[in-house]
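The values are calculated or read from the model by the stated rules, or taken from the named source; none is laboratory data. Note that the structure is predicted; figures quoted are calculated from it, not measured. Neighbour counts are summed over all protein chains in view; Cβ atoms, including those assigned to glycine, are modelled from backbone coordinates with ideal geometry.
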Amino acid sequence: MAILSQVFNPNDIEEEVLPPSGNYLVEVTKSTIKKTKAGTGQYISLTMKVIDGDHEGFTLFDNINFDNPNPKAVAIAQRTLQQICVATGLEELEDTAEIHGIPMTVQCNLKPESGGWPAKLEVKKYMNADVYED
């Protein structure tokens, strides 16, 4: 048993309001390579922070399925990595840490709640930071 230092009341917590669809200026703050649930491939898990505008500080996530038995998933991942390299000014990428801390613009769509999954902001495109307009 663990006694909390204060009483927690879940009714005191405000529901998170997601930002709307649009372009956001972000920086990658964390990247890891993880195995797929099926164990048949790997993906890059990116954590990004919005660094400007009304939603500064909001955290975004994206998974890039770069090693997968499905060739369509790999093609999508390669295009996504290409967009990230262009957006960050990298001619090649060997370590995902190379993209950390470099501002870039992401185009996001708000995906509504569906099938028991909560609504979320999905990254659809990576672009150069110069594209961002507040």
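In table form, for the structure just shown:
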item	result
Pick from region 80-105, criterion within 14 Å of the chain's Cα centre (by Cα) and under 15 Å from SER45 (Cα atoms), ranking: surrounded by the fewest Cβ atoms within 10 Å (Cβ to Cβ)	HIS100
Selection count where residues are assigned to a helix (DSSP H, G or I), touching a residue at least 60 places away in the same chain (Cβ under 8 Å) and either more than 16 Å from GLY22 (Cβ to Cβ) or among the basic types (Lys, Arg) (or both), scope region 76-134	3
Leading residue by the ranking (surrounded by the most Cβ atoms within 10 Å (Cβ to Cβ)) among those in region 106-134 that are of a type in the set (S, T, N, Q) and modelled with pLDDT of 95 or more	GLN107
Test: residue in region 116-129 that is over 13 Å from the mean Cα position of the chain (by Cα) and among the charged types (D, E, K, R)	no
Residues (out of contact with any helix residue (DSSP H, G or I) (no Cβ under 7 Å at 6 or more places or on another chain) and of a type in the set (A, V, I, L, M, F, W, C)) located in region 1-25	MET1, ALA2, ILE3, LEU4, VAL7, PHE8, ILE13, VAL17, LEU18
Leading residue by the ranking (surrounded by the fewest Cβ atoms within 10 Å (Cβ to Cβ)) among those in region 1-24 that are touching a strand residue (DSSP E or B) at 6+ places or on another chain (Cβ under 6 Å) and in a strand (DSSP E or B)	ASN23
Selected residue (criterion: farthest from the chain's Cα centre (by Cα)) from residues of region 48-79 that are among the polar types (S, T, N, Q) and surrounded by 14 or more Cβ atoms within 10 Å (Cβ to Cβ)	ASN68
Test: ILE33 is exposed (fewer than 14 other Cβ atoms within 10 Å of the Cβ) and more than 15 Å from PRO103 (Cα to Cα)	yes
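Condition check ((1) touching a Cys at 6+ places or on another chain (Cβ under 6 Å); (2) farther than 16 Å from VAL26 by Cβ; (3) of a type outside the set (A, V, I, L, M)) across all residues:
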residue: ILE64; (1), (2), (3): no, no, no
residue: PRO71; (1), (2), (3): no, yes, yes
residue: GLN83; (1), (2), (3): no, no, yes
residue: ILE99; (1), (2), (3): no, no, no
residue: MET104; (1), (2), (3): no, no, no
residue: ASN109; (1), (2), (3): no, no, yes
residue: ALA119; (1), (2), (3): no, yes, no
